[in-house]
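Below: the structure, in structure tokens.
The values are calculated or read from the model by the stated rules, or taken from the named source; none is laboratory data. All values derive from a computational prediction rather than experimental measurement. Please note: Cβ atoms are built from the backbone with ideal geometry, for glycine as well, and neighbour counts cover all protein chains shown. These accessible areas exclude ligands, DNA and RNA; they are computed on the full protein's heavy atoms, side chains included. Shrake-Rupley method; radii C 1.70, N 1.55, O 1.52, S 1.80 Å.
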Amino acid sequence: MVSAFFVFCGCVDQASVAVVEKWGRFVRLAEPGLHFFNPFAGECVAGTLTTRVQSLDVRVETKTKDNVFVQLICTIQYRVVKENADDAFYELQNPQQQIQAYVFDVVRAIVPRMNLDDLFEQKNDVAKAVLEELEKVMADYGYSIEHILMVDIIPDAAVRKAMNDINAAQRLQLASVYKGEAEKILLVKKAEAEAEAKYLSGVGIAKQRQAITDGLRENILNFSHSVSGTSAKEVMDLIMVTQYFDTIKELGDGSKNTTVFIPHGPGHVKDISEQIRDGMMQASSSNV
């Protein structure tokens, strides 16, 4: 701004430039500092311009190639070129409106050729195109375009909701896949564990039966050597009867046992021993 101290002098503030006219005609630019004017010769300050960077927000509504209406918010940072301040003062009456018109023109020419997803990814390309066009035009009017920022892209509310729903559905689908894979791994591991447990149980049962067989064989041999005239069948019957009574004793010791042999009686031990012996003989004959 120009502050008049006396009739013939004035002061131009920092970051400003004054336009001096003589009899209504531009003669020179007055930079910050103290200046002397001769009003009797027709000199006067026609106006001042700031050389600070100024910011202008422009909201542009347009539609994309896939027919989605969006609003783009652009921030244009510009300043007056000090050396060409007279052009900025005389050529444009409303520079903000001029800048806004060019932003509208460029954005509405580029965005309709892009899909919505491409617009989000290439918003810097749109800003660059607007910057190139404005620099080329506004330089003739004494303005320099410093930066153009594509601040925000706002689709219609229904479109935003649909995009969020699609994203949520994709994430749920991906989560289901991961959950299914985890359950599959758990089932496989569980099956492997059950198979290993059954295998180990079978090995244990086989070893147990082998130990029982070895013990019976040893008992039969010892009894046959100790008591002369006894056959292996008689010794086996004696061992089975002994095992039978031991089992009955164990069942009687437990108060909660409800096991009952049907048919029940010591005489059936002979039948059991014959079945075992027949089975062992059939197994031996099949191995031969």
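Give the cross-link partners of K179 among the lysines, using a straight C-alpha distance below 22 Å as the criterion and excluding same-chain residues fewer than 8 apart. Hits, sequence-local ones excluded: K189, K190. Amide H contacts of S16: T51, each under 5 Å away and 5 or more positions distant or on a separate chain (H built 1.01 Å from N in the peptide plane; Pro and chain starts excluded). In the full protein context, region 9-50 carries 53 Å² of accessible surface per residue, based on a 1.4 Å probe and ignoring ligands, DNA and RNA. Taking a straight line from the alpha carbon of K63, these lysines sit under 30 Å away, with near neighbours fewer than eight places off in the same chain left out: K123, K128, K136, K161. Couplings 3J(HN,Hα) of region 11-24, computed from phi: 10, 9, 5, 5, 6, 9, 9, 9, 9, 9, 10, 10, 6, x Hz, in residue order, whole Hz [Karplus 6.51 cos²θ - 1.76 cosθ + 1.60, θ = phi - 60°; x for Gly and Pro]. Using heavy atoms of the protein chains and a probe of 1.4 Å, the accessible area assigned to F26 is about 70 Å². Both radii are taken from the alpha-carbon atoms of region 34-84; with Rh as the Kirkwood radius, Rg/Rh is 1.37.
Send over a whole-number figure in Å² for the accessible area per residue of region 54-155, probe 1.4 Å. Don't skip to the end; give the middle numbers.
Values: 5500 Å² over 102 residues.
Per-residue value: 54 Å².
Each part reduced to its alpha carbon centroid, region 166-185 and region 47-104 end up 48 Å apart.
Counting Lys +1, Arg +1, Asp -1, Glu -1, what net charge surrounds T75 among other residues with beta carbon under 10 Å of its beta carbon?
Details: positive: none; negative: D57, D152.
Its environment carries a net charge of -2.
Residues H35, H147, sorted by accessible area with the largest first, give H147, H35 [1.4 Å probe; ligands and nucleic acids excluded]. Plainly put, region 131-171 has a radius of gyration that is 1.39 times its Kirkwood radius, both from alpha-carbon atoms, as the Rg/Rh ratio.
Relative protection proxy for 65-71, 128-134, from highest mean packing down: 128-134, 65-71 (other beta-carbon atoms within 10 angstrom).
As a fraction of the 1.4 Å probe accessible area of region 54-155, surface on carbon and sulfur atoms comes out at 41 percent. When you restrict to C-alpha pairs under 8 Å that are six or more residues apart and normalise by the size of region 9-50, the relative contact order lands at 48 percent.
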